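The values are calculated or read from the model by the stated rules, or taken from the named source; none is laboratory data. Small disclaimer: the values here were computed from a predicted structure and weren't measured. Cβ atoms come from the backbone with ideal geometry, glycine included; neighbour counts cover every protein chain shown. Surface areas here come from the heavy atoms of the whole protein model, side chains and all, with no ligands, DNA or RNA. Shrake-Rupley method; radii C 1.70, N 1.55, O 1.52, S 1.80 Å.
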Amino acid sequence: SYSDARIRLLNNEKNIGLVNTLNIGLESAKGEYIVRMDCDDISAKNRLSVQVAFMDNNMNVGASGSYYYRLINGKKAVMDFPLNQDELKCFMLFICPIAHPSAIIRNSIIQKEELRYRAEYIHAEDYDLWSRLSEKHDIANVSSVLLNYRVHANQITGNDLFAKQRTESVSTIRKRELEKIR
């Protein structure tokens with residue numbers, strides 16, 4: 001339970017899929033920032049204060065993520081990402097540069113540019129969003145571990161049933177990124 005008027009619970013009457021649900025979240029957001037995470041992950045207690053301070057001090061950044069602990073069978077490992085713009089742009093050519101459940105996004109950019117997750121990039125919808133957002137704005141990562149990310153058999157990310165769709169989506173994004181540097 002919670003007693004914070006800033007938190008609004010949105011329920012879908014039926015399963016409309018992840019991309020549509022994410023877009024309802026973007027369209028419903030009223031705050032300065034949109035913070036993303038999954039229900040089976042755990043944020044560090046200082047996550048919001050660290051990420052909001054970072055965004056407030058870096059007005060050129062449209063979205064950022066953080067390092068996180070990857071939890072598998074009771075073991076944890078730090079997952080890190082590039083921090084400077086040149087490394088992030090290079091990373092973008094090969095793999096998603098921001099861990100989706102660790103993301104904080106500047107809502108003004110989402111609304112002004114009408115950025116939404118796109119269903120044609122299913123299982124890589126975050127990578128597509130960061131790719132498009134980074135065309136006009138910097139993206140970043142905070143070097144603090146701010147999330148515990150649980151890895152389990154029921155995830156889409158590790159599910160072989162979705163591997164073909166994910167591979168096709170990622171390949172299309174990589175091609176688009178390569179075109180940017182030609």
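Would you mind finding the one in ALA44, ALA63, ALA53 that is of a type in the set (A, V, I, L, M) and without any contact (Cβ under 8 Å) to a residue 40 or more places away in the chain?
On the way: ALA44 fails: without any contact (Cβ under 8 Å) to a residue 40 or more places away in the chain; ALA63 fails: without any contact (Cβ under 8 Å) to a residue 40 or more places away in the chain.
Checking each option against the conditions leaves just ALA53.
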Please work out which one of (1) surrounded by 14 or more Cβ atoms within 10 Å (Cβ to Cβ); (2) in contact (Cβ under 8 Å) with a residue 40 or more places away in the chain is the condition GLU120 fails and give its number. (1)
For region 126-148, which residues satisfy the criterion of being open to solvent by 10 Å² or more (accessible area, probe 1.4 Å), among the acidic types (Asp, Glu) and not in a strand (DSSP E or B)? ASP126, GLU135
May I ask you to say which residue of LEU10, LEU18 is open to solvent by 60 Å² or more (accessible area, probe 1.4 Å) and in contact with a Gly (Cβ under 9 Å, 6 or more places away or on another chain)? LEU10
Residue ID - nearest to VAL145 (Cα to Cα), chosen from residues in region 31-41 that are loosely packed, with under 14 Cβ neighbours inside 10 Å and in contact (Cβ under 8 Å) with a residue 12 or more places away in the chain: ASP38
Residue pairs within 9 Å by beta carbon, gap of at least six or interchain, first lying in region 128-155 and closer than 21 Å to VAL170 by Cβ and at pLDDT 95 or above, second part of a strand (DSSP E or B) and among the hydroxyl-bearing types (Ser, Thr, Tyr), listed first then second, are ILE139/SER64; ASN141/SER64; ASN141/SER66; ASN141/TYR67
Looking at region 106-115 only, could you name the residues that are of a type outside the set (Val, Ile, Thr) and either modelled with pLDDT under 95 or open to solvent by less than 50 Å² (accessible area, probe 1.4 Å) (or both)? ARG106, ASN107, LEU115
Give me the pairs, please: first residue somewhere in region 79-93 and farther than 16 Å from ILE181 by Cβ and touching a residue at least 12 places away in the same chain (Cβ under 8 Å), second residue anywhere and of a type in the set (Ser, Thr, Tyr) and open to solvent by less than 30 Å² (accessible area, probe 1.4 Å), beta-carbon distance under 7 Å, and either six or more positions apart or on two chains. MET79/TYR68
Answer with yes or no whether SER1 is small (Gly, Ala, Ser) and without any contact (Cβ under 8 Å) to a residue 24 or more places away in the chain. yes
Breaking point among (1) of a type in the set (S, T, N, Q); (2) within 30 Å of ARG176 (Cα to Cα); (3) open to solvent by 100 Å² or more (accessible area, probe 1.4 Å), for ASN58: (3)
State whether the residues of region 153-170 include one that is farther than 21 Å from MET37 by Cβ, assigned to a loop (DSSP other than H, G, I, E, B) and out of contact with any Leu (no Cβ under 6 Å at 6 or more places or on another chain). no
